[in-house]
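Okay, so here's the structure we're looking at.
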Amino acid sequence: MSLPKLVLVASLVAASHAGAQSAPAPATSGTTVIVPANGEVRHANDMAWVTFAVEEFDKDKQAAAARVNRKMKEGTEIVRRADPQAELKTQGYYTYPVYAEPPVPPLPASRSPGRPVPNGWRVGQYLEVKTTSLAGLPRTAAAAQKVLQINGVHFGLAPATEKMLDERRIAETYRNLNERIVSIARAMGRQPSDAVIDTVDFEGSGNYGGRPEMQSAMVAGARMKAADDAMPEPSFEPGETTLQMRLVGKVKFK
C-alpha cells in the first residue's frame, strides 16, 4: 500500500475513535429507576414451645382414659412447679379403637362378616408449654418426662424481641436502599442528590416486588419414654432466628 493510502487509513481510524469518545452519554433526566433492597437481622432465640404428650392403650376404654387423665394432671402440676412463669395449654384429646392385625380371613359368602370388634382402645392428650426460661428448660423437661413424653420442641423469638428486631430490620433495609441509589446514580453519571424517591414499598407487593419477609428458626424434636428412675436432663440448643425484609423503591432522576 502506498504512503498516501496509509496516511488516509490512519486518519479515518483516528477520526472514528475520536467520534466514539466524544459521543454524548444518553440523557437520564426524568428517568425512573426501580431499586430493590434487602435487610437482615439475627438474634438468639429466647422462647421455646414444648409439646408434651401422654398415650395409653387398654382393652378397657375407661381404664385407658383414666390413666391418661391422671398422668396429664400429674405432668401439668410438675411443669407448673418447675416453671411457674410458663404458659400451659392442653389440647388434642383423642380416643380411637385398635383392631387386631393381621385382619381375620374373610368369611364364606354365605355368612355375614358383621361389625369388627376392637381388641383395645388408644387414648391420648397433648400439653403445650410456652416459656422464656430457656436455662431451666432441660430441668423442667426432665421432670415432666417422668410421666409425659416430649412430642416436639420449637425455638423462636419472644414478641417483645421480635418487635425490637422488626424496627432494626426496617432501618437496615432502608439503609441498603440508600446505598444502592447512590451506586446507581454514580453508574449513570449523576449525583445522588439528583435522585428523588417517589415510592417505597416495604412489603414488596407491587408488580415489581419480590417475596415478603422470611423467618427461619431452628427446630428440635425428641420422643422419649417415661422412666421411673431419675430422668437425665435432655440437651437443647435454642439456636437463632434470622429475620429478612425486602423493599422496592421507585426513584426518579431530575
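Taken together, the values in this text are just the output of simple stated rules run on the coordinates, not laboratory data. Nothing here was measured: the structure is a model prediction, and the numbers come from that model. So basically every Cβ, Gly included, is an ideal-geometry build from the backbone, and we count neighbours across all protein chains shown.
Near the amide H of ASN151, within less than 5 Å, lie the amide hydrogens of THR51, PHE52, ALA53, all on another chain or at least 5 residues away, with H placed in the peptide plane.
Cross-link reach is defined here as a Cα-Cα straight distance under 17 Å, omitting same-chain residues fewer than 8 places apart; for LYS250 the aspartates and glutamates meeting it are GLU179, ASP194, ASP198, ASP201, GLU203. Using a simple spin-label model with pseudo-atoms 7 Å out from Cα toward Cβ, TYR96 and LYS163 lie 4.1 nm apart.
Ordering 146-158, 85-97, 30-42 by mean Cβ neighbour count within 10 Å, with the highest value first, yields 146-158, 30-42, 85-97.
Looking at the square roots a ≥ b ≥ c of the eigenvalues of the Cα gyration tensor of segment 28-187, which shape do they give, rounded for a/c under 1.5, prolate if a/b is larger than b/c, or oblate? Oblate is the answer for segment 28-187, as a/c is 1.5 or above yet b/c matches or exceeds a/b. Here the gap between LYS250 and ALA44, fully extended at 0.36 nm per residue and compared with their Cα-Cα distance, gives a gain of 70.7 nm. Shown is the FRET efficiency for HIS154 and VAL200, computed with R0 = 25 Å from the Cβ-Cβ distance and rounded to the nearest 0.05: 0.15. Note on LYS71: lysines with a C-alpha under 17 Å away, same-chain residues under 8 apart excluded, are LYS61, LYS89, LYS146, LYS225. Segment 68-102 and segment 112-154 have Cα centres spaced 6 Å apart.
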